[in-house]
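The values are calculated or read from the model by the stated rules, or taken from the named source; none is laboratory data. As the structure is a computational prediction, the values presented were derived from the model and not from experiment. All Cβ positions, even for glycine, are placed from backbone atoms using ideal geometry, and neighbour counts span all protein chains on display. Heavy atoms of the whole protein, side chains included, go into the accessibility calculation; ligands, DNA and RNA do not. Shrake-Rupley method; radii C 1.70, N 1.55, O 1.52, S 1.80 Å.
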Amino acid sequence: QHAEADDAMPDADHFDAQRLTTDQTTGETKYLIDTWEQSVVEYLFPSAFDEEIDYGELLVILVQLGSVMLNVVMVGINVFYNDLDNPNYTIRVLSRIAFITELVIVWLAFLLLIVVAIHGVLTGNVGTNLVVDLVDVSSFTMSFSTLQVVTYSGPPRVMRNIAAQIKSAYSVCDYILVGVFVIFSFAGFLCATVIVVLKVTQVDFLFKGDLFAWTWMEFIQLFGLVNNLAGLDLSYQTQTITLLQSLHHHYCAPGGPDSPDITTEGLFSRLTHFLGVTRFNRTYEYIESIFDAHFGLRTNLNATQKAKFTFNFMAFILRLDTGKLEQLLQMVRSPLIYYSCERAAFKEALERGDLTAMRAAVARADPLTRQTIELGKKNPTYFRLIYACDNPSMLVEEDVNKNGDTSSVPAIIFS
């Protein structure tokens with residue numbers, strides 16, 4: 001059957017089902033990431049595997065750390081040094097409540113970040129698992145603010161959620177839940193409005209004095225507010241997570257990806273697993289496997305080499321670009337004959353042991369190179385993908401023969 005599939009499909013060896021294997025020790029089903037995919041990742045992200053920390057990688061790590069420290073300092077300033085002289089007593093009290101809530105959550109997250117890092121170093125669990133935990137916790141620490149209530153309580157989003165709740169309601173109990181949801185949504189909107197007003201009081205010095213009369217602490221407050229506002233836009237993060245989930249769908253169980261062996265994970269992953277919290281943003285298993293396999297070839301790594309490996313992977317995650325992920329998906333998964341031919345050329349070069357030909361095949365498959373773009377302009381039909389549905393007439397005829405009524409035939413049939 002596999003031989004017949006190879007004859008029928010030009011890229012049958014790329015199907016997921018033919019690269020599943022079972023671990024004889026644990027009995028787990030694993031998906032084999034072939035050499036082509038590993039080479040494409042190394043081609044698109046070359047500095048991630050050079051085992052050196054360049055200035056770009058160091059800069060992106062320092063920016064992440066600086067953003068964390070800025071938010072940590074900012075919430076402390078709001079509580080201990082921000083003297084609100086607003087004559088409205090209610091505004092002063094609510095401001096204190098909002099700022100103290102931010103302080104507690106952000107400082108606890110920062111403390112967790114330190115504990116996770118120390119635990120990973122002391123237990124020797126320094127690698128991809130520790131990096132994913134550090135990135136997750138640090139991203140939350142640097143971006144959390146009470147302003148995020150605005151993101152989830154905006155009228156357009158609330159109306160979409162209410163409409164979805166109404167469509168899925170079938171009983172009296174469901175409609176009661178819809179009513180409760182509407183009440184909480186309205187309360188969230190009021191809360192978001194109040195928080196915006198409170199955040200404005202945080203920078204009331206903008207309207208009172210000259211720019212050159214600001215103190216260094218007021219500048220920090222302004223930068224902190226800008227950082228909070230920047231954290232409200234989740235579109236880029238959502239798009240990146242979606243692309244990563246599409247990339248490694250073969251790792252994902254229902255509800256999101258999860259690591260099969262929790263004992264090898266970092267402290268934060270173990271904590272979320274113990275609490276039963278699903279981490280939908282943990283979507284790096286595909287890339288983790290490639291990094292682990294690459295550096296697993298090197299035995300007896302010293303502390304410096306392990307640190308470089310850890311920082312390489314951390315910089316890689318922080319520098320993930322949606323354009324690169326789309327490029328990777330196209331090179332790895334595209335059904336176009338052009339990419340199938342380059343994958344076949346790579347496979348032949350691999351069998352011959354010709355490293356130069358392998359690299360050339362990967363480079364030719366890059367959809368953004370000037371040569372590929374020019375080739376696409378000269379041969380548009382060669383790169384154009386037109387969709388066509390399989391003929392469902394047999395299914396329709398069978399359904400009609402059973403029921404004798406064509407009105408009962410569904411408009412769309414999923415096979």
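Please list, in chain and number order, the residues 5+ apart from residue 30 or on another chain whose amide H is under 5 Å from its amide H, with Hs placed from the backbone.
21, 22, 23
For the range 74-205, build the convex hull from the C-alpha positions and give me its volume per residue in Å³.
160
With a sphere of radius 10 Å drawn around the Cβ of residue 360, what net charge do the other residues whose Cβ falls strictly inside it have (Lys, Arg +1; Asp, Glu -1)?
0
Given 0.36 nm per residue, what is the gain on full extension from residue 381 to residue 354 after removing their alpha carbon distance, in nm?
Taking residue 381 through residue 354 to full extension adds about 6.6 nm, to one decimal.
In the structure shown, do any of 308/347; 30/324; 324/347; 30/347 have a Cα-Cα gap over 28 Å, and if so which?
In this structure, 308/347 lie more than 28 Å apart at Cα.
Whole-Hz ³J(HN,Hα) for each residue in the range 136-153, computed from phi via Karplus 6.51 cos²θ - 1.76 cosθ + 1.60 with θ = phi - 60°, x for glycine and proline: what do you get?
4, 5, 5, 5, 5, 5, 6, 10, 6, 7, 5, 5, 5, 4, 4, 4, 9, 10
How do 362, 182 stack up against each other in accessible area, from largest to smallest, with a 1.4 angstrom probe?
Of 362, 182, the descending order of accessible area is 182, 362.
If you stretched the chain out fully between residue 218 and residue 118, how much longer would it get, using 0.36 nm times the residue separation minus the C-alpha to C-alpha distance?
Answer, rounded to one decimal: 32.7 nm.
Once both labels are modelled 7 Å past Cα along the beta-carbon direction, what's the residue 22-residue 52 spacing in nm?
Here the modelled spin labels are 4.7 nm apart.
Just reorder 375, 325 by solvent-accessible area, largest first, 1.4 Å probe, all chains present.
The ordering from most to least exposed comes out as 375, 325.
What list of ³J(HN,Hα) values in whole Hz, one per residue of the range 45-59 in order, does the Karplus curve 6.51 cos²θ - 1.76 cosθ + 1.60 (θ = phi - 60°) give from phi, with Gly and Pro shown as x?
With coefficients 6.51, -1.76 and 1.60, one gets 10, x, 5, 6, 10, 8, 6, 10, 9, 8, 5, x, 5, 5, 5 Hz.
Note down the magnitude of the dipole of the range 294-394 about its Cα centre, charges +1 on Lys and Arg C-beta and -1 on Asp and Glu C-beta and zero elsewhere, to the nearest 20 debye.
Computed about the Cα centre, the dipole is about 340 debye.
Sort 273, 294 by heavy-atom solvent-accessible area, probe 1.4 angstrom, most to least.
The ordering from most to least exposed comes out as 273, 294.
How long are the semi-axes of the ellipsoid equivalent to the range 32-147, from square roots of 5 times the Cα gyration tensor eigenvalues, in whole Å, largest first?
The equivalent ellipsoid of the range 32-147 has semi-axes of 40, 15, 13 Å.
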